[in-house]
1. So what is the calculated 222 nm ellipticity per residue for the chain, using -39500 (n - 2.57) for each DSSP H run with n of 4 or more, over all residues, to the nearest 500 deg cm²/dmol?
2. Once you have the Kirkwood Rh of the stretch 173-236 from its Cα pairs, apply Stokes-Einstein at 10 °C and 1.306 mPa s and quote D in µm²/s.
3. Express the C-alpha Rg of the stretch 1-145 as a ratio against the empirical globular expectation 2.2 N^0.38 Å, rounded to two decimals.
4. Report the dimensions of the stretch 85-162 along its three principal axes from the alpha-carbon atoms, largest first, rounded to Å.
5. Kindly identify the chain as rounded, prolate or oblate by the Cα gyration tensor criterion: order the square roots of the eigenvalues as a ≥ b ≥ c, call it rounded if a/c is under 1.5, otherwise compare a/b with b/c, prolate if a/b is larger, else oblate.
6. Compare 33, 12, 276 in a GNM of the chain, Cα atoms joined below 10 Å, and give the one with the largest fluctuation.
7. Taking the full set of protein chains and a 1.4 angstrom probe, give the accessible area of residue 18 in square angstrom, rounded to the nearest 10.
8. Efficiency by 1/(1 + (r/R0)^6): what FRET value for residue 136 and residue 75, r their Cβ-Cβ distance, R0 = 45 Å, to the nearest 0.05?
Amino acid sequence: MNSLPIHNDISKLALSKLYSSYNDITIYVEDEKIVHAYLKLFNELFKNELKIKRVFSLKGKGNIIRALKSYRSNQISLPSPCFFIVDQDLDPFLEIENLEDELLIYLKEYCIENYLIEEVAVLRALQWKLCLPIEELGNIVQFQKWLNEISLAFLPLFIAFIICRKHKLGENVQLSPYKFIEDNGYKVDNKKVEKYINKLRQKYVQKGIGSIERFEDEYEYINVLIQELEAPFFKCLISGKYLLASLLRYVKKISKKSIDEDFFFGHLVENFDISKFQFIKDHILKLVFN
């Protein structure tokens, strides 16, 4: 019975069965807060091909995997065809192998927010706020400069998160990104990051994992591994939720006006390059129609 999803998610699975007559395919995702974004995305992705009236969140990768395994072992029944979408997270750096199953699709970047944070989407979202053409906004926003700087600034924190997750030392990526951003700005607060890393060092030693020197060696090993990657990959390593938190503060600073976060996020969903999810579309259509 341990392989079954937790109680709260059994109700979501049951609800998905009730919607089976309205959905040509049933899709399960991790994050409950952005199921509306997934629904908009999939409706755009599969328009004129598949009907999707609702997407269902199972609140976390663990629940997704458990639901899939329970379905495969016939412990639960689900609408068919069904698919499970999960974040890439830090798994590649934790030597966690992707589960091989044709119904399970891993995002190629950290999470869905990473895909939404692109220059054209940001500029289109801001043009209505600032009443300026996109061509002029590009020079004002300097999106790529912001992205490169903030990704590099977050790297030390996410190296620490990797160590924290690897050795199960407590809270890591689940922490609010605003705990590590300047109180009245958009930049990473290095003092807050160093405070987190110092506490992590102490836990590392107290739990008998190793000495401070070993912690530093492990930290440097991961750092070198990351630095050998191409710079654009940094955007895939940093959680999109952290990038988005900085971006929201950044565009508020540029516009010098209040920015409704929900509407801004909605504009990103409406304007990002949907072709980035072509790999999901190809995978699903191949299984549905072949």
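1. Values: 13 runs with 161 residues, N = 290.
Using -39500 (n - 2.57) per qualifying helix, the result is -17500 deg cm²/dmol.
2. Working: Rh = 13.7 Å.
Calculated translational D: 116 µm²/s.
3. Values: Rg = 18.3 Å, N = 145, 2.2 N^0.38 = 14.6 Å.
So the stretch 1-145 has a normalised radius of gyration of 1.26.
4. Principal extents (Cα only, largest first): 47, 32, 15 Å.
5. Working: a/c = 2.05, a/b = 1.15, b/c = 1.79.
Oblate, since a/c reaches 1.5 and b/c is not below a/b.
6. 33
7. Counting only protein heavy atoms, residue 18 exposes about 130 Å² to solvent.
8. On the way: r = 58 Å, r/R0 = 1.28.
Working from the Cβ atoms, E equals 0.20.
The values are calculated or read from the model by the stated rules, or taken from the named source; none is laboratory data. This structure is a prediction, so every number in the text was calculated from the model and none was measured. Cβ: placed from backbone, ideal geometry, glycine included. Neighbour counts: every protein chain shown. Side chains included, ligands, DNA and RNA excluded: accessible areas come from the protein's heavy atoms. Shrake-Rupley method; radii C 1.70, N 1.55, O 1.52, S 1.80 Å.
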